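Following: one structure in structure tokens, then a few remarks.
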Amino acid sequence: MSAAPPRRLIVATRNDHKLRELGEILAGVELVPLPEDVELPPETGETFTENALIKARAAHEATGAPAIADDSGIAARALGGRPGVHSARFAGENATDEENLQLLIDSLRDEEDRAVAYVCVIAYVDADGNESTYEGRCEGELILEPRGTGGFGYDPAVVPVDTGPGDNRTMAELAPEEKHAISHRGRAARELAAALGIAAEPQP
């Protein structure tokens with residue numbers, strides 16, 4: 001890994017929501033979207049770490065620049081950790097966020113245990129090809145009636161533990177800075193920032 005912090009990073013994603021969230025958290029570095037002509041390989045890994053590395057390696061190899069990629073999802077305890085790495089396509093290969101969320105709600109509707117955990121792994125490949133990974137988690141409970149218009153994915157139905165027992169807001173009802181302070185992606189991004197020596201906001 002380079003001694004000097006990188007000034008710009010290629011982000012191996014075409015997900016505008018992820019790119020915006022990472023940009024809000026990693027304040028001390030310029031994030032550059034993946035060039036349109038770069039084709040990412042299939043996410044064939046069985047873990048978040050494997051998939052994040054697949055994408056970060058591809059972005060670095062295509063551009064020669066330092067690159068990051070995140071792979072993230074939600075794991076339901078009653079479902080043995082599913083949907084996990086299949087979170088983005090839980091209801092099918094071309095499923096919408098709403099379809100994926102509805103399937104998870106339906107899958108847990110009759111379960112007493114609706115504990116879930118968001119998991120995010122960010123992989124970093126530096127200019128010399130050295131690799132490192134950073135993981136963040138956010139525990140919560142799935143509710144059956146989604147609320148809120150912020151966030152994306154499963155956020156409208158996840159009440160995080162870290163906001164406290166008296167706070168029943170979902171991830172989609174939190175202000176961006178509140179969400180970043182406790183989210184899986186925020187925690188992984190701050191681990192990355194600390195390792196690279198770049199600024200991150202908000203501070204935990």
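Taking D167, is it farther than 30 Å from P5 by Cα, modelled with pLDDT of 95 or more, acidic (D, E) and surrounded by 15 or more Cβ atoms within 10 Å (Cβ to Cβ)? Here the answer is no, as D167 does not meet what is asked. Take S132 and tell me if it is modelled with pLDDT of 95 or more and more than 22 Å from T170 (Cα to Cα). Judged against the criteria, S132 is a match.
Of the strands (runs of 3 or more DSSP E) lying entirely inside the stretch 68-182, those carrying at least 1 residues that are under 17 Å from T49 (Cβ atoms) are 115-125, 131-142.
Reported count of residues in the stretch 1-21, each being modelled with pLDDT of 90 or more and either outside any strand (DSSP E or B) or surrounded by 14 or more Cβ atoms within 10 Å (Cβ to Cβ) (or both), is 4.
A single entry from D155, D106, D162, D128 fulfils the requirement of being in contact with a helix residue (DSSP H, G or I) (Cβ under 7 Å, 6 or more places away or on another chain), acidic (D, E) and either more than 22 Å from K18 (Cα to Cα) or surrounded by 19 or more Cβ atoms within 10 Å (Cβ to Cβ) (or both): D155.
The values are calculated or read from the model by the stated rules, or taken from the named source; none is laboratory data. No experiment lies behind these values; they were computed from the predicted model shown. Cβ: placed from backbone, ideal geometry, glycine included. Neighbour counts: every protein chain shown.
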